[in-house]
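Heads up: the structure comes next, in structure tokens.
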Amino acid sequence: MSRVGIIYGTEVREMVRRLLEAGDSLAGLHPGDRVVIKPNLVVSRRDWRGVNTDPRVVEAIVTVLKDRGVSDIVIGDGSGMGYSATKAFTECGYAAWPQRYGIRLVDLERDRFVDKPVAVPGPFTHLQIAATVLDCDFFIDVPVVKAHSQTRLTCSLKNLKGTMPRSLKTGFHGVDLHRAIAQLASVLRPDLVVADGLQGDLTSETGRTPVAMEMILVGDNPVAVDSVAADILGYRPEAIKHIAHSAATGLGPCDLDRIALEPLNAPTIRRHFTPPPHYTERFPCDIQAEGACCTCLGNVIFALERLKEEGLLAANQTIVAGQRPHTAIRKKNGLTVAVGRCAADWCEAHLRIGACPPTAGLIQRRLAAALGGQAE
Ligand code: SF4
């Protein structure tokens, strides 16, 4: 049985301390160890809530480690397309921590990368992983429990992507993303997962609509933690493909009967989470986004939500985005819009928005001008 601890509330420091002290989460940790904590720092903008890991969770982990005599602590991540972890450290309030706690902040995109052979089936034979993460003695994965347009749910398994170079992170979206995540999880196994379920965006990976969930999960097996998170959000764990592939390759259980869920208290809010419709079903227009990076697709969805509110979307419009635009089927007499450089470079479209990644504001403005018939 894999064990997953869960605690509910809003007193973050106390919640993390109780979770780490219950069970044997830190049993393998020694004071002389080098510890790497990897939060999820997808965006480096001010409204990071629901997308990035809540820094209070990370700070609480740091204080528990310090209390146990651990002094060599690194917090590292690489941000999403169009963002910077270096900037995210500042936006999320980490900047004073090196002085306050004697820790290091590392933008993993600037790290040295080590080639690791992959033994499980999937699109890659080798993956490059940041040396800082591979060289540590104890690796703590601190994701956010939230939605993702392509994988439906993202938690500890997908959070591992931030340890790779940018080109490879982008490359993951051009192949079978679900199997690629399972391959990554096979070469990089966290010693501990502390999943931030305080507030996650449950409709889009780029956020702006965080939902209060008021929970934190802890476990030593990422497949088990992600399976519990999926179940809480209303998904069957085995229906989340990267969880299913990870379980099938022996990385952990997704069968909830093989996971011991250990709540430390009762939920503070009663909320029944229902999975949102897939992004292709949420808009009157057609969206074809095979191989789109998270930022690209997230920004498209955010812009389309605003345009839908304005009544500008219709069934004869096709939005094409992503690294595989050649797979898109366009309507014969409709309007085709190519969003993002990958699609814009390839597509014969009525409108091309060719940035990489295109911002939500740019997509919204240019689409509104085209669909509303106004000059840009
Ligand atoms: S245009 Fe979009 S899909 Fe293409 S590489 Fe840039 S962010 Fe990714």
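The values are calculated or read from the model by the stated rules, or taken from the named source; none is laboratory data. Nothing here was measured: the structure is a model prediction, and the numbers come from that model. Glycine gets a Cβ as well: all are built from the backbone with ideal geometry, and neighbour counts include every protein chain shown. Accessible surface is based on the protein model in full, side chains and every heavy atom, while ligands, DNA and RNA are left aside. Shrake-Rupley method; radii C 1.70, N 1.55, O 1.52, S 1.80 Å.
Worth pointing out:
Per-residue answers, yes or no, for (1) surrounded by 16 or more Cβ atoms within 10 Å (Cβ to Cβ); (2) modelled with pLDDT under 95; (3) part of a loop (DSSP other than H, G, I, E, B):
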{"residue": "A27", "(1), (2), (3)": "no, yes, yes"}
{"residue": "G32", "(1), (2), (3)": "no, no, yes"}
{"residue": "V43", "(1), (2), (3)": "yes, yes, yes"}
{"residue": "K87", "(1), (2), (3)": "no, no, no"}
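- G5 vs. criteria touching a Leu at 6+ places or on another chain (Cβ under 9 Å), in a strand (DSSP E or B) and either modelled with pLDDT of 95 or more or under 23 Å from M164 (Cα atoms) (or both): yes
- Checked against the criterion of being more than 12 Å from the ligand (Cβ to nearest atom), of a type in the set (G, A, S), open to solvent by 50 Å² or more (accessible area, probe 1.4 Å) and at pLDDT 90 or above, segment 362-374 has no qualifying residue.
- R166 open to solvent by 50 Å² or more (accessible area, probe 1.4 Å), under 23 Å from G82 (Cβ atoms) and out of contact with any Ser or Thr (no Cβ under 8 Å at 6 or more places or on another chain): yes
- Top-ranked residue in segment 265-310 [being under 19 Å from the mean Cα position of the chain (by Cα) and more than 22 Å from G50 (Cβ to Cβ); ranked as farthest from the ligand (Cβ to nearest atom)]: E290
- Of the residues making up segment 311-329, just one is more than 16 Å from the ligand (Cβ to nearest atom), surrounded by 12 or more Cβ atoms within 10 Å (Cβ to Cβ), assigned to a loop (DSSP other than H, G, I, E, B) and not aliphatic (A, V, I, L, M), namely N316.
- Note on segment 335-362: residues that are part of a helix (DSSP H, G or I) and touching a strand residue (DSSP E or B) at 6+ places or on another chain (Cβ under 7 Å) total 3.
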